[in-house]
Ligand code: UGA
């Protein structure tokens, strides 16, 4: 099938590459000409494991192309995915201007019968608006256009695996023709037996916000328990272990730490809460999830202050700057919120991240970026682990202990073994677990 994709961010670009991989002819478009130039040369504008290789492979197969001219992507397409950004407005509501503009452009340029698919996360009710925008631009031809909702459930850092082996594909539409076209585009996965759910438009739209809200709820639930454990001298990782073994609760998303960040949960929770209010329902649980998430950052800052007393003359190393491992995305990254607050209080902040050094520096120029974790930690009075990249599990802790000014580690992701850290002479402050203070540190004289 000939497919057009509008917006080549994390969702759009993965959609382009994976649909091309299964045999469709895909043209991705973006208004950012620099991004398109990079993509035409085979370079993704952000880091995602395996994506460079996949884009290069599909470009050379001839099934994938990129253009800065939206018309080129949509003219002959039988299906057009809209995967543009939906950033939050000050009120928390999603800003859907780019979605409306995309719909108008599609209406202007599409020549044949086509399905316009919402791939970006949008509030329920957007499909109706999308159809209105198309109708206003092309009233005489509205019957040629179908609208569908097909929310994306992929995770950054695991996006290609999630797209190639999804746990479910969700499609909302209101005509058999649209359902049929969607089945055709997803035929590869349907034949593999992937769970394929068809429903109406409003339900599909709502299900995406519902999933992200619930996942964020699990994280905030365990983080609230972490605050409780800190007060009760209990260990949240053991509490989580006990909970996980109950299959009704489930294995995942019970890691206490610095909380969630990224371009999805923080914005989606706000947008979902706003939508609920608009629909006349006070879904205050969603606001509580956000509040608990913010508390996780505050708790971490409190630990740093507790360990260091005054910050003005202190050097603090942050290792891991992206909002989670395996991405260079720093949007709503807890590490950067912490860095900002430390800088405001007069500390010198040196960061290291395997991929996100450049993006972090662009977001917060006050932070120094080190080329490796050891240079970040050299002469530091405290090291804060903010993102649990795999490479941090193999750090030479003895060396770290030797080069740091004070042996203080705040473990924002419970990635270090407190017993080992204590043995090596560190004072370690984990999340939701009792701190271990090195023998001379914090000793109350008798
Ligand atoms: C999330 C959802 O997981 C995807 O299903 C969804 O498609 C995507 O949003 C989206 O709406 O586009 P993503 O933001 O890439 O994906 O990352 P996650 O793996 O969900 O992690 C989100 C945040 O939660 C990270 O900051 C992570 O560190 C944090 N987290 C995750 C925890 O703090 N504890 C956990 O137990 C799990």
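FYI, it's all coordinate maths here, none of it is from the lab. These numbers were taken from a predicted model, which means no experiment stands behind them. Neighbour counts run over all protein chains shown; Cβ positions are idealised from the backbone, glycine included.
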| For the stretch 37-81, with equal point scatterers placed on the C-alpha atoms only and solvent neglected, what are the log10 I(q)/I(0) values from the Debye formula at q = 0.13, 0.28 1/Å, to two decimals? | -0.33, -1.05
| task | In vacuum, with every alpha carbon of the stretch 4-129 counted as one equal point scatterer, what does the Debye formula give for log10 I(q)/I(0) at q = 0.13, 0.16 Å⁻¹? Two decimals, please. | result | -0.50, -0.74
| task | Could you please rank 16, 114, placing first whichever residue has the fewest other Cβ atoms within 10 Å of its Cβ? | result | 114, 16
| field | For the stretch 163-281: Kirkwood Rh in Å [reciprocal of mean 1/r, alpha carbons] | value | 17.1 Å
| Once you have the alpha carbon radius of gyration of the stretch 381-439, what is it after dividing by 2.2 N^0.38 Å, with N set to its residue count? | 1.00
| task | Take 309, 389, 189, 177 and order them by how many other Cβ atoms sit within 10 Å, fewest up front. | result | 309, 177, 189, 389
| Taking the DSSP beta bridges in the chain as the whole, what percent of them are antiparallel, to the nearest 5? | 10 percent
| query | Which number do you get for Rg(Cα) / (2.2 N^0.38 Å) in the stretch 50-198? | reply | 1.08
| task | Calculate the translational D of the stretch 244-339 in whole µm² s⁻¹ from Stokes-Einstein, where the hydrodynamic radius comes from the Kirkwood formula applied to all Cα pairs, the temperature is 37 °C and the viscosity 0.692 mPa s. | result | 211 µm²/s
| Dividing the convex hull volume of the alpha carbon atoms of the stretch 340-426 by its residue count, what do you get in Å³ per residue? | 92 Å³
| Just from its helices, what would the mean residue ellipticity at 222 nm be for the chain, if runs of 4 or more DSSP H residues each count -39500 (n - 2.57) and the sum is divided by every residue, rounded to the nearest 500 deg cm²/dmol? | -13500 deg cm²/dmol
| remark: Distance in Å, no decimals, from the C-alpha centre of the stretch 1-38 to the one of the stretch 316-362 is 30 Å
| Between helix 265-278 and the chain: long-axis angle, C-alpha atoms, 0 to 90°, nearest 10 | 60 degrees
| Most exposed first by the Cβ proxy, i.e. fewest other Cβ within 10 Å, how do 230, 69 rank? | 69, 230
| query | Quick one: which of 182-188, 268-274 comes out on top by average Cβ neighbours within 10 Å, and what's the full order, highest first? | reply | 268-274, 182-188
| task | Using per-residue counts of other Cβ atoms within 10 Å, averaged over each peptide, order 98-109, 243-254, 161-172 from highest down. | result | 98-109, 161-172, 243-254
| Over 32 Å [Cα-Cα, the chain], rounded percent | 44 percent
| query | Taking the Cα atoms only, what angle lies between the long axis of helix 284-308 and the longest principal axis of the chain, rounded to 10 degrees? | reply | 30 degrees
| field | Scaled radius of gyration (Cα, divided by 2.2 N^0.38 Å) that the stretch 242-286 gives | value | 1.52
| request: Provide, in order from the shortest bin, the percent of all Cα-Cα pairs of the stretch 116-157 in each 5 Å bin, continuing until the bin that contains the maximum pair distance. | output: 6, 21, 28, 17, 14, 7, 4, 3, 1
| Paired Rg and Dmax values of the stretch 311-363, which use every Cα atom, in angstrom | 10.6, 33
| note | Here the percent of antiparallel bridges among DSSP beta bridges lying wholly in the stretch 116-235, to the nearest 5, is 20 percent
| request: Report, in degrees rounded to the nearest 10, the 0 to 90 angle that the Cα long axis of helix 51-61 makes with the longest principal axis of the chain. | output: 20 degrees
